[in-house]
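**Student:** Handing you this structure, nothing more for now.
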Amino acid sequence: MTRLLGISGALRKGSTNTMLVREAARLFAPDHFEMADLRLPLYDADLEAEGMPDAVIRLCDQIRAADAIVISTPEYNKAPPGVLKNALDWVSRVRPMATQGKPVAPISAAAGMAGGQRATSALYLMLIPFGVRMVTAPEVSVGNSSKKFDDAGRLTDEAAEKFLRQKMEALRAAI
């Protein structure tokens, strides 16, 4: 039984990054798929000292249970959004490290023509301390993303879907 965890770095209901994660899951075709909830409190060592928040424990449990993870990041001001960095900061505080050895496929969707390539590059750097097995190729960065999905959330860009399919095949092979 293959378990895939999807993480979208965007909280917005109509986020193209969430749509991209769901498309990645469709192409990966896991036996079980679930989306992580990044609505976590801001990291605060005082809050941590009071006890790890339940939402953080749930996220770490999801990561541990997953065979592979796909993370889609928007690009805000040339970087991944704070919500994604905050989630990673919380996850880094739970021992043993939930991410150790997990295959992870970073992808992105953004309004700009580059499709979030800078944010994806920054995400690679952010994931180094987590001991993940990064699936870097092919790169999937969907530019002008608001025009690349239909009303059902399906990717309409054939080239992007081809690269996403190849990336999900590489992610599956990394398990």
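The values are calculated or read from the model by the stated rules, or taken from the named source; none is laboratory data. Values in this document were obtained by computation on a predicted structure and should not be read as measured data. For neighbour counting, all protein chains shown are included, and Cβ atoms are generated from backbone atoms with ideal geometry for every residue, glycine included.
**Student:** Restricting to region 100-139, and then to whatever is of a type in the set (S, T, N, Q) and surrounded by fewer than 22 Cβ atoms within 10 Å (Cβ to Cβ), can you tell me which residue is nearest to ALA66 (Cα to Cα)?
**Tutor:** In the first step, residues of region 100-139 are kept if they are of a type in the set (S, T, N, Q); the result is 100, 108, 117, 120-121, 136.
When the remaining residues are screened for being surrounded by fewer than 22 Cβ atoms within 10 Å (Cβ to Cβ), the result is 100, 117, 121, 136.
Values: GLN100: 12, GLN117: 26, SER121: 23, THR136: 19 Å.
Going through the qualifying residues, I end up with GLN100.
**Student:** Report yes if ALA137 is within 23 Å of LEU88 (Cα to Cα) and part of a loop (DSSP other than H, G, I, E, B), otherwise no. Can you show your working first?
**Tutor:** Values: within 23 Å of LEU88 (Cα to Cα): yes; part of a loop (DSSP other than H, G, I, E, B): yes.
When the stated conditions are applied, ALA137 passes them.
**Student:** Return the total of residues in region 19-69 being among the β-branched types (Val, Ile, Thr) and closer than 26 Å to LYS147 by Cα. Spell out the reasoning first.
**Tutor:** If we filter region 19-69 for residues that are among the β-branched types (Val, Ile, Thr), which is where we start, we get 21, 56-57, 63, 69.
Now narrow it down to the ones that are closer than 26 Å to LYS147 by Cα: 21, 69.
Final tally of qualifying residues: 2.
**Student:** A follow-up question, please. Which residues, counting only those in region 147-162, are over 17 Å from ALA29 (Cβ atoms), of a type outside the set (Asp, Glu) and out of contact with any strand residue (DSSP E or B) (no Cβ under 9 Å at 6 or more places or on another chain)?
**Tutor:** Hits for region 147-162 are LYS147, ALA152, ALA159.
**Student:** Name the residues in region 140-175 that are among the hydrophobic types (A, V, I, L, M, F, W, C) and either in a helix (DSSP H, G or I) or crowded, with 19+ Cβ neighbours inside 10 Å (or both), would you?
**Tutor:** Looking only at region 140-175, we keep the residues that are among the hydrophobic types (A, V, I, L, M, F, W, C), and these are 140, 142, 149, 152, 155, 159-160, 163-164, 168, 170-171, 173-175.
VAL140, VAL142, PHE149, LEU155, ALA159, ALA160, PHE163, LEU164, MET168, ALA170, LEU171, ALA173 - these are the residues of region 140-175 that are among the hydrophobic types (A, V, I, L, M, F, W, C) and either in a helix (DSSP H, G or I) or crowded, with 19+ Cβ neighbours inside 10 Å (or both).
**Student:** Give me the residue from region 44-92 that is in contact with a helix residue (DSSP H, G or I) (Cβ under 6 Å, 6 or more places away or on another chain) and charged (D, E, K, R) and, out of that set, farthest from LEU4 (Cα to Cα).
**Tutor:** So the residue we want is LYS78.
**Student:** Looking at ARG12, ARG22, ARG26, can you tell me which residue is crowded, with 18+ Cβ neighbours inside 10 Å and farther than 13 Å from ALA87 by Cα?
**Tutor:** So the residue among ARG12, ARG22, ARG26 that is crowded, with 18+ Cβ neighbours inside 10 Å and farther than 13 Å from ALA87 by Cα is ARG22.
**Student:** Quick check on this structure: which one of TYR124, TYR76 is within 20 Å of LEU38 (Cα to Cα), at pLDDT below 95 and of a type in the set (Ser, Thr, Tyr)?
**Tutor:** Details: TYR124 fails: at pLDDT below 95.
On inspection, the qualifying residue turns out to be TYR76.
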